[in-house]
Each structure stands twice: as C-alpha cells, then as structure tokens.
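**Q** Next up is a structure, given as structure tokens.
Computed from the coordinates by the stated procedures, all read-outs in this text should not be read as laboratory data. In this text the structure is predicted, and so the values were computed from the model without any measurement. Cβ coordinates were reconstructed from backbone atoms using ideal geometry, including for glycine residues, and neighbour counts include every protein chain displayed.
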Amino acid sequence: MEDEELLWRASMVPRIHEFPYKRVPKIAFLFLTRGAVTLAPLWEKFFKGHDHGLYAIYVHSNPSFNESLPESSIFYGRRIPSKGLFF
C-alpha cells in the first residue's frame, strides 16, 4: 500500500451514525523499532491470556531487519510494510 492510499483511507469519515452490527472496541499496539521488539518476552506475558479480538499488534521496523519468529509468538505476522527514512 502506498502512502497516498494510506492517507486516503485514514481520511475517510463514516457517513452513518450507527453501525449495522455490534462493534467491540479494540486497542492497537504499535511497536516502533529498528530491530527486534525490545522486551519481547515481557510483552508476550502481557498479552498472554487476553482475548485476541480486543487488541491489534503492529510492528514497524527497519526494512533491512530480517528476523524469523516462531509462529507461536504474538509478533509473528504482525510486521507492517516499511520504507527507509533518512533525516
């Protein structure tokens, strides 16, 4: 997904006041990191036993960082596409 599409999606405002289904609020956790998630074992314990439908996890890491995680990890498959950025 390119930046323009992300901005377009973020700017959309719902046109209905009530949703046709019951919504369950979620909390999003975004981990910004250059490499592996800091204190990953602690976060694993934090999320253990909680309903996965109540939160979303995203990992935004350096595009050059490549680490394979076990499928049992809460961070498995949670990485979002990143582009390199230089200041």
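**Q** Would you point out the residue of region 54-70, among those that are outside any loop (DSSP other than H, G, I, E, B) and of a type in the set (Gly, Ala, Ser), that is farthest from Ser82 (Cα to Cα)?
**A** Only one residue tops the list, namely Ala56.
**Q** Also, quick follow-up: How about region 4-53: which of its residues are in contact (Cβ under 8 Å) with a residue 24 or more places away in the chain, of a type outside the set (Val, Ile, Thr) and not in a loop (DSSP other than H, G, I, E, B)?
**A** Scanning region 4-53 gives Ala28, Phe29, Leu30, Phe31, Leu32, Ala40, Trp43, Glu44, Phe47, Gly53.
**Q** Right, something else. Do you know which residues across region 31-51 are exposed (fewer than 12 other Cβ atoms within 10 Å of the Cβ) and aliphatic (A, V, I, L, M)?
**A** Correct list: Leu32, Leu39, Leu42.
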